[in-house]
Amino acid sequence: MRWLSTIRNKLILHIPSFLFFTFYSVLSVIMAIYYSFTDFKGLGTPEFIGFRNYSRIFSDAIFLTAFNNTLIILVLSSVILLPLSFAWAYILDIPFKGNGLVKVMSFTPYVIAPIIVGTIWLFILDPEIGLLSSFFRAIGKPGWIHQWIGGDKLTPYSVTIVWVWQTMCFHSTIMLAGLKSISHDIYEAASVDGAGRIKTIFFITLPLMKETFITNIALQITGGLKIFEVVNELTGGGPNHKSETLITYMYSITFSRYKYGYGMSLSVLVLIISAVFSIGYIKNARQKLSD
Amino acid sequence: MALHRKRFFEKFLFYFLVLGIAFIIMIPFIWTFFLSFKTDSEIFNTPFALPTEWSFKNYRRALETINIFQMYKNTVIIAVSAEVLSLFFTFMSSFAISRMTYKHKAFRNGIYFYYLLGLGIPVYILLYPIYRQNAFMGLIDNLIGLILPHIALTIPFNTLLFVGYFNGFSSEIEEAAIIDGCGLFKMLIKITLPIVKPIIATTAVFNVIYIWNEYPFAATYLNTKDLFTVSLATSMFKSTYSRDYSGMICAVILIMIPELIFYVCLQKYIISGMTAGAVKS
Amino acid sequence: MKNIMLYKRIFAFFLALILVLSLAACTSSGASSSGIPSSESSTTDSSEEDEESAVEPVSDEVVTLTLWEYVADIERTAPGVYLCVKQFMEDHPNVIIDMVGTASEEHNKKVLLASQSGDLPDMTTLEWSMMRELKAEGFLADLTDEVYNRGIDDFFVPGVLQLEEDNTIYGLPYEACVCCYFYNKEIFDQYNVGYPDVEEWNWDEFINNCQVFVENGVTPVMCGGLSPWNIGIQQSFLVRYGFPDYIEKINSGEMSWVNDDFLHFFEKMQEYGEKNMMPSNVTTMDYFQALDQWIGGTGAMVSSGVWAVNQVAEAEFADQIGVWHGPVFEDGVGDKHRTVKSGTICYGVTAKCAEDTAKFNAAMDFFEFFYGEEGTRIHYEEGNTLTVTKYSGDKSKLSPLLQNVGALVDDDWTGYLLCTDMMPAGTADVFYDAVWGVMLGNYTPQQAAEQMQAEYDS
């Protein structure tokens, strides 16, 4: 490969992506960072106020709630999502009649518009008229009914379930592509050696899927930190900001309360957290791989 | 005989389980489908009952309200041009990141993490600055004003997937091709591309779906009705004090169907790139 | 050698892509920059009309105005505006009004963004607080002289036209915003409860009489916490506690939110929640769901406003619907019969438009028509929309419900803007949070008032 690694070749390969990404994403982030040091309201001339926005964040009780909720959703969904989506990908990798149909069926949650996702899950989770509560009432256990959404505590957990439902097929599709990259020869060799299915999964498939797992975990971290639409449609961050997540809170600060400067400082913080976690994780995992 | 029966039972259990799970996952979609035949009052007062009347009234009203085919067309223009360019660019840059040798290793990691930074950018950071850039270039109310940012926005995701996939493969085959005197671009197209086919299909699916459903940019950067994308369809049924839920649900179904068809078409390509050791030489 | 071939191929590929892109550019820029403003084409027939007017030689110079509306589908969700614009263009062939509709949330963002890049349209709907911000930045035209010279002020129902602090007019109110309770007379009769507007309930009667419903498992008032703004009627309660009298002092810092009258208001809100006046799942219901459930027969009343007249008319008990301004307060401030009665939003004309005399005149011609007798008639009779202007037509031609609800607009209750429209932009959200917080028992009245004051202090 060294042969082809001329500067000219590298430039040809790198420049288009670099230009687009820098011009649109990075430049915008730089502008956002600039605004995060001002008191910009969306109108008028922004006034430079130094770190005041940032120092304010950590005494903002709603921000802490939002951070807490996001963390719950992130950790819980990671724990559930990864094994589940791997298992589902593994099943979809088995050739059986109707495989394509099952794939499409399980893909529907991902393409359904969030505005309806909210409404549908409202019908399921609503503590009063929802399907879940009606079910508990029907089996004679009304004591099991809680405020799944709209109450003080449980919303992040309910959001996690909706989130898992919505993104499982996203992760399993990526895992499926990873499974496809494993050569069949290896499986054949394993079965010749007399390894059972479970053993094959743990000692052959999973180790070979490390790169795929890195990808999925990185996507899960960054995606979970940015969770917005599900929460917005289910509870709107309410009641009284109790179910706010980082991005829903940032959204309401920026666009409902016109505190653009403060909103941008929140977004920059989300970006930093996300970068530290995802890049830190990838770097670490890669290092372990190459050792 | 016993073995046969056991086999059959296993198969039955497998189908029961898989179809059962798929069905449970799909319930909200089926429900949405039923809701699309109900009136607004039925939707909220008897959400679990079947529609009282199976008429296409809601769909007719939805199609009168929105010009869905114009919307399809606009969205396809945006999705295809952004998608093709983005895949092309990131395929090249990811190859360079994963495969090429650099004097300073830090450069490789630097540029890789530079792109990955983009994964964490909340889209609302970009809303105002990109508007400014578009206004500066005269691209407000113009589809190009959406195509170009979408290319940039899909780069981080594509880079993550591509580089991960490249890294999962050894470069043996490519090295062999180089030794045979193959040039860079010939090798990229003839050797590398077929290998990464599954991940290209995967990436294309998610990029297109992302662009298809992208709302904030489309809603803020487009003014002319003739340029509206499908993601704006549902907003046509909302006003401040009223909401036509049944029309909106019909629009949701109309938006979804092409996405599912697209997925059906592309998932066939998420197949093994290395077919039975054919490329082992 | 082979390399060159490949480079050529890649080059060709690029070329093809650029072609695709430029094609896309043509289709899109063709719509926005050509002389014929086909972009207005909300429907096919209106675009045909434009082409006709562009083809026919017109003696006067054609003036094109852009109008931004805060709904996405103008024809259906703002039929009054749509029909007025059509009629006006028919009467004035030399004026073309380009309507651009955007869903309300995005509309605000668009206005902000466009003001920053100098792309504001000629006329636009604006939230009152946003109008004041834009005025302060010099983006809006002063309409005072035009309004008085043309007599546009005479068209409005008394007290609706809003004067700014310096007695100028920058925003013309539009779409009647009178918050009210709709009540289902069938349910009231079933439990032998008298009608609130007939008996003119005060607060205590309101709460006490509604306990009959609570005891029988009927929700007294349907409303939706997922739509935080669904406390319009509560805002008219605050008006009855003196908000319009105090707001200037509060804005200037002379007076605190933590005062006896506002605390009384918040205490009442606490009682409202404690006495189960709202549905038990109010936090997971939005306004639209609440309204649809009420129309379906759930709940005795619904917290809404005159804008919902067309929707409630679809109820099976439509001829049994009563409307009510809400209770009066014995410990209120000033006249007991004061309420929110204004335009939901306002129209502003941009300073950019006013620079061009021909355009500005055309815009004011349009508003003169829009608010005048003919425009009001179109709103009432063809668009089924209530306006804040005087309707001089034959009221008996309107449906009884529309008459009843219309009476709320021009009865003798004194009208004010929504409280949130008198606050600085962005404060509304904090106010919603405070009121809901008290009603849901998450905040005490004291805490809520302090939260509001803290927002003003920052």
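For the reader, a short list of remarks on this structure follows.
- Screening the candidates A:PHE18, A:PHE67, A:PHE37 for the property of being touching a helix residue (DSSP H, G or I) at 6+ places or on another chain (Cβ under 8 Å), surrounded by 15 or more Cβ atoms within 10 Å (Cβ to Cβ) and facing chain B (nearest Cβ under 10 Å) yields one hit, A:PHE18.
- Residues that are assigned to a loop (DSSP other than H, G, I, E, B) and farther than 20 Å from A:LEU122 by Cβ within segment C:298-307 comprise just one, C:ALA300.
- For first residues located in segment B:132-147 and within 7 Å of chain C (Cβ to nearest Cβ), partners that are aromatic (Phe, Trp, Tyr) and not in a helix (DSSP H, G or I) and lie 6+ apart or on another chain with Cβ distances below 7 Å do not occur.
- For segment B:9-66, taking the residues that are in a helix (DSSP H, G or I), small (Gly, Ala, Ser) and away from chain C (no Cβ under 14 Å), the one that is most open to solvent (accessible area, probe 1.4 Å) is identified as B:GLY20.
- Positions within segment C:335-362 being surrounded by fewer than 19 Cβ atoms within 10 Å (Cβ to Cβ) and either of a type in the set (S, T, N, Q) or closer than 20 Å to C:MET269 by Cα (or both), in sequence order: C:LYS336, C:HIS337, C:THR357, C:ASN361
- Of all residues in segment A:250-264, those that are open to solvent by less than 10 Å² (accessible area, probe 1.4 Å) and either within 8 Å of chain B (Cβ to nearest Cβ) or under 21 Å from the mean Cα position of the chain (by Cα) (or both) total 5.
- When B:TYR131 is tested against (1) loosely packed, with under 15 Cβ neighbours inside 10 Å; (2) modelled with pLDDT of 90 or more, only condition (1) is not met.
- The listed residue being touching a residue at least 40 places away in the same chain (Cβ under 8 Å), hydrophobic (A, V, I, L, M, F, W, C) and not in a helix (DSSP H, G or I), out of A:ILE149, A:ILE129: A:ILE149
- Screening segment A:99-117 for residues that are at pLDDT 85 or above and among the small types (Gly, Ala, Ser) and picking the one that is most open to solvent (accessible area, probe 1.4 Å) gives A:GLY100.
- Single match in A:ILE217, A:ILE227 (criterion: within 12 Å of chain B (Cβ to nearest Cβ), open to solvent by 20 Å² or more (accessible area, probe 1.4 Å) and not hydroxyl-bearing (Ser, Thr, Tyr)): A:ILE217
- In segment B:76-125, residue surrounded by the fewest Cβ atoms within 10 Å (Cβ to Cβ) [restricted to those that are more than 8 Å from chain A (Cβ to nearest Cβ) and among the basic types (Lys, Arg)]: B:LYS103
- Residues in segment C:65-119 that are out of contact with any Gly (no Cβ under 6 Å at 6 or more places or on another chain) and either under 19 Å from C:THR387 (Cβ atoms) or outside any loop (DSSP other than H, G, I, E, B) (or both): 38 in all.
- Boolean, A:PHE136 is closer than 24 Å to A:SER85 by Cα, more than 20 Å from the chain's Cα centre (by Cα), without any contact (Cβ under 8 Å) to a residue 40 or more places away in the chain and assigned to a helix (DSSP H, G or I): no
- Filter pass, A:GLY143 being away from chain C (no Cβ under 14 Å), outside any helix (DSSP H, G or I) and surrounded by fewer than 17 Cβ atoms within 10 Å (Cβ to Cβ): no
- Of all residues assigned to segment A:96-118, at least one qualifies as being aromatic (Phe, Trp, Tyr), within 12 Å of another protein chain (Cβ to nearest Cβ), free of Cβ contacts under 8 Å to residues at least 12 places away in the same chain and more than 30 Å from B:PHE48 (Cβ to Cβ).
- Matching helices (runs of 4 or more DSSP H) fully within segment A:10-94 where at least 3 residues are closer than 30 Å to A:TYR187 by Cβ: A:61-93
- Options A:THR70, A:THR119; residue that is among the polar types (S, T, N, Q) and closer than 16 Å to A:GLY224 by Cβ: A:THR70
- If the condition is being under 19 Å from C:SER342 (Cα atoms) and open to solvent by less than 50 Å² (accessible area, probe 1.4 Å), then segment C:126-150 contributes C:LEU126, C:TRP128, C:SER129, C:MET130, C:MET131, C:LEU143, C:THR144, C:VAL147.
- Here C:ASP412, C:ASP421, C:ASP457, C:ASP429 are screened, and the one residue that is open to solvent by 40 Å² or more (accessible area, probe 1.4 Å) and under 20 Å from the mean Cα position of the chain (by Cα) is C:ASP429.
- Output for segment C:248-296, where each listed residue is among the β-branched types (Val, Ile, Thr) and either under 26 Å from the mean Cα position of the chain (by Cα) or within 14 Å of chain A (Cβ to nearest Cβ) (or both): C:ILE250, C:VAL282, C:THR283, C:THR284, C:ILE295
- In segment C:252-287, the residues that are part of a helix (DSSP H, G or I), open to solvent by 10 Å² or more (accessible area, probe 1.4 Å) and under 19 Å from C:THR219 (Cβ atoms): C:LYS268, C:GLN270, C:GLU271, C:GLY273, C:GLU274, C:THR283
- Residue within segment A:194-203 that is among the aromatic types (Phe, Trp, Tyr) and within 11 Å of chain B (Cβ to nearest Cβ) present: no
- Counted residues, segment A:232-247 - those being within 11 Å of chain B (Cβ to nearest Cβ) and closer than 22 Å to C:MET130 by Cβ: 0
The values are calculated or read from the model by the stated rules, or taken from the named source; none is laboratory data. All figures in this text were calculated on a predicted structure; none of them were measured in a lab. When we count neighbours, we look across all protein chains shown, and the Cβ atoms used for this are built from the backbone with ideal geometry, even at glycine. Surface areas here come from the heavy atoms of the whole protein model, side chains and all, with no ligands, DNA or RNA. Shrake-Rupley method; radii C 1.70, N 1.55, O 1.52, S 1.80 Å.
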